[in-house]
Amino acid sequence: MSWHTPGEVHAYSFTGTTLQLQCPRARVAISILNASSIRVQLAPDREGRAVRPWQVGCTQERELATVGCLTEGDDRLILDNGAFQVVVERHPCRISFQTAQGRLFCADGDGLQWSDEGVACSKRITPHERFYGFGERTGPLEKRGHRLTNWNVDAAPTVQDSHDLNVDPLYIAVPLYLSLQPGLAYSLLFNNTWKSQFDVGRHRPDELRFQAAGGALDYTVSYGLDPAAVSKAIANLLGTMPLPPLWALGYHQSRWSYASEAEIRQVAAGFRGREIPCDAIYFDIDYMDGYRVFTWHPARFPDPERLLADLQRDGFRAVLIVDPGVKVDPRYTVYEQGRARSGFVRHADGSAVTGYVWPDLAVWPDFFRDDVRAWWGDLIGGLVRQGVQGIWNDMNEPTLFEKPFSEGGGRVGTIDDNALHGSTGAQATHAELHNLYGQQMARAAYEGLRRHLPDRRPFVLTRAGFAGIQCWSACWTGDNKSRWDHLQLALPQLLNLGISGIPFVGVDIGGFGENATPELFARWMQFGALMPFCRGHTETGSRPHEPWSFGPEIESICRDYLQLRYRLLPYLYSLFWEASRTGMPILRPLFYEFPHDERCFTLQDQVMLGPFLMAAPVTTSGAQARDVHFPAGRWYDWWTDQIVDGPVQISVHAPLTQMPLFVRAGAILPTAPDGLQHTAAYRLSPLTLQLYPGDGEFTLYEDDGQTHAHERGVFCTTRYRLDRQGDSLRLTIEERQGSYRPPERDLLLKCRHAQVMVSDSNEESHQARWPVTLVDKGREQTLTLPLK
């Protein structure tokens with residue numbers, strides 16, 4: 001293959017926000033998006049490319065907010081956006097970036113390239129550079145030395161098998177990475193929806209190369225002082241998740257399949273009778289009549305409205321799977337409606353693309369058309385009127401079988417690359433849009449729920465997605481297995497998805513394929529209770545995987561950890577609010593909080609839940625202890641309050657009943673009352689603050705947890721600040737901000753490591769014992785806490 005390059009920069013122009021480079025064989029545009037992000041676009045044909053209506057993030061037209069300064073020289077141009085700089089070497093054209101202090105990063109190797117078969121760019125890798133993100137991946141957290149393909153697939157070799165370790169690609173392609181070096185962080189987003197690839201030093205150890213089979217060479221670099229700052233810049237490019245309903249943060253129970261109303265009712269009774277918290281029950285494909293989407297099996301589910309009403313009365317929300325494959329059946333209303341509007345993906349001759357999936361011969365809606373998404377959303381409205389409150393999109397890579405499911409299904413594939421999507425005037429082939437298909441389906445579901453549940457927040461779960469999927473849906477990682485190595489890979493998988501801008505993520509607790517052992521299920525539930533999306537799910541033919549299915553000891557462990565999750569809901573919900581505003585991951589690698597601790601750069605078996613909680617899940621069979629790395633500072637054992645001063649690595653006791661869990665000094669953890677079984681009964685009264693001596697702050701977020709009133713400003717925040725001053729602590733509770741008014745309640749303070757002196761403007765200081773109860777009226781208060 002012969003690759004072309006732009007050549008030398010022989011002319012340029014600058015508008016204040018965009019630097020246009022004229023080269024013999026191409027035009028290059030460098031645009032300042034804001035103080036954090038700069039975009040580079042190559043136009044080999046010298047012509048600008050039309051903006052596609054389905055393009056994501058920074059590829060949308062927008063007003064550029066930051067005016068830059070250009071320094072001109074004979075050999076180089078330097079464009080400064082106020083935070084960092086682009087350096088353009090003119091002979092030949094090479095593009096690099098540098099900090100305001102002159103530290104070079106993301107520097108071109110061979111630079112911008114194109115050929116008849118695609119586009120490419122190569123960058124130099126520095127000796128201490130680490131790479132993360134890239135969407136959903138197996139393998140280690142840090143990806144240097146790997147080649148990663150962006151092409152959404154169901155990786156199963158047959159419909160009976162699930163993906164295995166080291167499989168690439170998987171279901172969610174995000175052509176974005178975070179680079180971390182000591183004292184420097186940046187991200188690169190490759191704005192290209194075609195099948196693409198990152199070679200991160202695998203072919204050449206000092207080169208990162210990204211390339212695509214078609215489309216434009218278009219990338220955006222975002223710079224920050226630390227990973228958190230870069231996450232905020234990524235959120236500005238790709239958008240953030242909408243704040244989900246509170247019930248979506250609870251535990252969800254699923255199986256392929258609970259195949260009858262009787263089974264569903266039995267599972268619901270199992271949770272309530274055993275006092276194990278749960279908020280949602282899932283209906284997999286066997287609720288349908290012949291796998292026809294938007295139908296119910298008349299014998300197994302004769303009265304869905306009554307069933308769903310009974311479930312909601314008992315605190316359960318119903319989440320239904322809706323796959324994209326529509327059965328070809330002239331007696332089937334959904335098929336006939338889609339055919340009448342020519343609403344299915346089509347061949348060049350206009351005929352609908354057909355293939356095999358669960359209902360055997362099927363067609364696929366063209367979700368790149370506004371009218372098709374609206375039609376699909378109205379079909380979801382019919383489910384909403386029956387009582388459904390969440391939609392689960394599966395098989396939406398999209399996945400096709402090689403033969404009818406009734407004949408075994410066979411190996412899996414996808415729609416032909418030459419199939420057409422989109423409206424007249426905005427058409428494109430499946431080769432260009434494959435990676436976006438699941439995302440547009442999730443969008444249709446979100447928009448339908450939003451339209452037909454106008455006073456309730458939507459919940460959508462998707463298997464397939466692309467950069468920006470967080471704007472429409474939560475994600476899970478697909479068909480894992482009930483194996484210890486799959487529990488191990490779950491941690492870096494979820495961490496890299498969060499780094500990729502997708503914070504509402506989880507894996508199937510216990511594993512989807514095969515059968516979990518009691519010990520494995522217990523250890524998986526311990527970690528799962530801290531995942532942003534918390535769901536147990538298993539495949540057809542497996543043994544029961546409900547929390548009580550493994551005997552009394554495992555049932556008790558599951559109950560304890562799910563109750564812990566529900567106690568942490570005020571903290572967790574506030575993290576979701578932060579993620580919805582800033583794009584910060586909820587579940588974080590340790591280097592997010594400790595970017596100067598190089599030991600954390602490759603640490604993948606410990607996680608941070610927000611800024612304060614550090615978990616070290618047990619992921620090996622038979623382990624009763626494990627090594628834990630403690631970054632600098634003081635740490636408190638969640639279970640015993642024992643103090644550990646870092647940086648240090650020690651072996652920690654970890655019996656089956658206990659996952660190592662630690663709290664950072666300075667933590668202020670808001671918690672809910674014990675005994676909550678579902679979020680419909682959530683009442684934050686009393687509100688408990690668990691305090692850990694040190695310096696820290698936290699903002700508690702509150703709203704009604706259900707409606708869109710928060711979008712109109714009906715919410716409130718309370719900032720708490722903890723300051724260590726010699727032998728005492730000062731806790732400052734700032735005045736509550738916002739128009740939402742929680743009822744007057746008790747504020748319960750807990751701290752085992754300090755005494756307490758209470759004072760405010762109307763009281764004299766006095767000593768009290770823990771726990772201390774105050775009346776939380778939303779006014780400012782200050783408490784002095786002498787250390788023991």
> residue 578 is checked against (1) of a type outside the set (Val, Ile, Thr); (2) touching a helix residue (DSSP H, G or I) at 6+ places or on another chain (Cβ under 9 Å); (3) open to solvent by 30 Å² or more (accessible area, probe 1.4 Å) and fails just one. What number does that condition carry?
Replying inline: (2)
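Of the residues 553, 546, only one is at pLDDT 95 or above and open to solvent by 30 Å² or more (accessible area, probe 1.4 Å); which? I'd like the intermediate steps shown before the answer.
Values: 546 fails: open to solvent by 30 Å² or more (accessible area, probe 1.4 Å).
Sole residue among the options that is at pLDDT 95 or above and open to solvent by 30 Å² or more (accessible area, probe 1.4 Å): 553.
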> Which pairs do you get when a residue that is more than 20 Å from residue 325 (Cβ to Cβ), found in the stretch 380-406, comes within reach of a residue that is among the aliphatic types (A, V, I, L, M) and assigned to a helix (DSSP H, G or I), reach meaning Cβ atoms under 7 angstrom, with the pair 6+ apart or on two chains?
Replying inline: 384/449; 386/308; 387/308; 387/309
> What is the residue count in the stretch 664-719 for residues that are hydrophobic (A, V, I, L, M, F, W, C), within 26 Å of residue 645 (Cα to Cα) and over 24 Å from the mean Cα position of the chain (by Cα)?
Replying inline: 5
>> Could you check the stretch 4-19 and list, in sequence order, the residues that are farther than 18 Å from residue 122 by Cβ, open to solvent by less than 50 Å² (accessible area, probe 1.4 Å) and not β-branched (Val, Ile, Thr)?
In response: 11, 16, 19
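Yes/no per residue for (1) surrounded by 15 or more Cβ atoms within 10 Å (Cβ to Cβ); (2) at pLDDT below 95; (3) farther than 29 Å from residue 433 by Cβ:
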{"residue": "23", "(1), (2), (3)": "yes, no, yes"}
{"residue": "30", "(1), (2), (3)": "yes, no, no"}
{"residue": "47", "(1), (2), (3)": "no, yes, no"}
{"residue": "67", "(1), (2), (3)": "no, yes, yes"}
{"residue": "71", "(1), (2), (3)": "no, no, yes"}
{"residue": "88", "(1), (2), (3)": "yes, no, yes"}
{"residue": "103", "(1), (2), (3)": "no, no, yes"}
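Quickly run through the stretch 612-634 and pick out the residues that are among the small types (Gly, Ala, Ser), touching a residue at least 40 places away in the same chain (Cβ under 8 Å) and outside any strand (DSSP E or B).
616, 621, 622
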>> Checking the condition on the phi < 0 side of the Ramachandran plot and more than 19 Å from the chain's Cα centre (by Cα), which residue from 464, 474, 516 passes?
In response: 516
> Residues in the stretch 507-517: is at least one surrounded by fewer than 24 Cβ atoms within 10 Å (Cβ to Cβ) and touching a helix residue (DSSP H, G or I) at 6+ places or on another chain (Cβ under 6 Å)?
Replying inline: no
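For every residue, the table says whether it meets (1) assigned to a loop (DSSP other than H, G, I, E, B); (2) under 30 Å from residue 452 (Cα atoms); (3) modelled with pLDDT of 95 or more; (4) not hydrophobic (A, V, I, L, M, F, W, C).
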| site | (1), (2), (3), (4) |
| --- | --- |
| 636 | no, no, yes, yes |
| 648 | no, no, yes, no |
| 652 | no, no, yes, no |
| 658 | yes, no, yes, yes |
| 662 | no, no, yes, no |
| 669 | no, no, yes, no |
| 677 | yes, yes, yes, yes |
| 701 | no, yes, yes, yes |
| 740 | yes, yes, yes, yes |
>> Please verify whether residue 646 is open to solvent by less than 30 Å² (accessible area, probe 1.4 Å), over 24 Å from residue 510 (Cβ atoms), in contact with a strand residue (DSSP E or B) (Cβ under 6 Å, 6 or more places away or on another chain) and not hydrophobic (A, V, I, L, M, F, W, C), treating the condition exactly as stated.
In response: yes
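Among the residues of the stretch 299-313, are any touching a Pro at 6+ places or on another chain (Cβ under 8 Å) and within 25 Å of residue 547 (Cα to Cα)?
Residues of the stretch 299-313 that are touching a Pro at 6+ places or on another chain (Cβ under 8 Å), as a first pass: none.
No.
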> Where residues in the stretch 480-506 are within 13 Å of the chain's Cα centre (by Cα) and not in a helix (DSSP H, G or I), which of them is surrounded by the fewest Cβ atoms within 10 Å (Cβ to Cβ)?
Replying inline: 506
>> Give me the residue from the stretch 152-181 that is at pLDDT 90 or above and touching a His at 6+ places or on another chain (Cβ under 7 Å) and, out of that set, surrounded by the fewest Cβ atoms within 10 Å (Cβ to Cβ).
In response: 181
>> Can you tell me how many residues within the stretch 518-540 are among the polar types (S, T, N, Q), in a helix (DSSP H, G or I) and open to solvent by 10 Å² or more (accessible area, probe 1.4 Å)?
In response: 0
> Quick check: anything in the stretch 308-317 closer than 20 Å to residue 253 by Cα and over 31 Å from the mean Cα position of the chain (by Cα)?
Replying inline: yes
> What number of residues within the stretch 703-733 satisfy the criterion of being farther than 23 Å from residue 664 by Cα and either at pLDDT below 95 or open to solvent by 50 Å² or more (accessible area, probe 1.4 Å) (or both)?
Replying inline: 6
>> Restricting to the stretch 272-283, name every residue that is open to solvent by less than 30 Å² (accessible area, probe 1.4 Å) and in contact (Cβ under 8 Å) with a residue 40 or more places away in the chain.
In response: 276, 277, 278, 279, 280, 282
>> Tally up the residues in the stretch 245-269 that are charged (D, E, K, R) and in contact with a strand residue (DSSP E or B) (Cβ under 9 Å, 6 or more places away or on another chain), please.
In response: 1
> Only one of these conditions is not met by residue 737: (1) of a type outside the set (A, V, I, L, M, F, W, C); (2) under 26 Å from residue 784 (Cβ atoms); (3) buried (at least 18 other Cβ atoms within 10 Å of the Cβ). Which number is it?
Replying inline: (3)
>> So the check is Cβ under 6 Å with 6+ separation or different chains; which pairs have a first residue in the stretch 95-121 that's on the phi > 0 side of the Ramachandran plot and a second one that's modelled with pLDDT under 95 and open to solvent by 30 Å² or more (accessible area, probe 1.4 Å)?
In response: none
> Do you know which residues across the stretch 229-252 are open to solvent by 20 Å² or more (accessible area, probe 1.4 Å) and either over 28 Å from residue 119 (Cβ atoms) or of a type in the set (Lys, Arg) (or both)?
Replying inline: 229, 232, 240, 242
> Of the residues that make up the stretch 450-465, is at least one closer than 23 Å to residue 293 by Cα, part of a helix (DSSP H, G or I), open to solvent by 20 Å² or more (accessible area, probe 1.4 Å) and in contact with a helix residue (DSSP H, G or I) (Cβ under 7 Å, 6 or more places away or on another chain)?
Replying inline: yes
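Can you pull out every residue in the stretch 552-571 that is of a type outside the set (A, V, I, L, M, F, W, C) and closer than 17 Å to residue 275 by Cβ?
552, 553, 555, 556, 559, 560, 561, 563, 565, 566, 567
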> If you take just the helices (runs of 4 or more DSSP H) that sit entirely in the stretch 541-611, which of them hold at least 3 residues that are of a type in the set (Asp, Glu)?
Replying inline: 552-567
>> Quick check on my filter: what residues within the stretch 416-436 are within 16 Å of residue 354 (Cα to Cα) and either touching a residue at least 40 places away in the same chain (Cβ under 8 Å) or in a helix (DSSP H, G or I) (or both)?
In response: 416, 418, 419, 420, 421, 430, 434
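The values are calculated or read from the model by the stated rules, or taken from the named source; none is laboratory data. Keep in mind that this is a model prediction, so the values were computed, not measured. Note: ideal-geometry Cβ built from the backbone for every residue, glycine included; neighbour counts use all protein chains shown. For accessibility, only protein heavy atoms count, side chains too; no ligands or nucleic acids. Shrake-Rupley method; radii C 1.70, N 1.55, O 1.52, S 1.80 Å.
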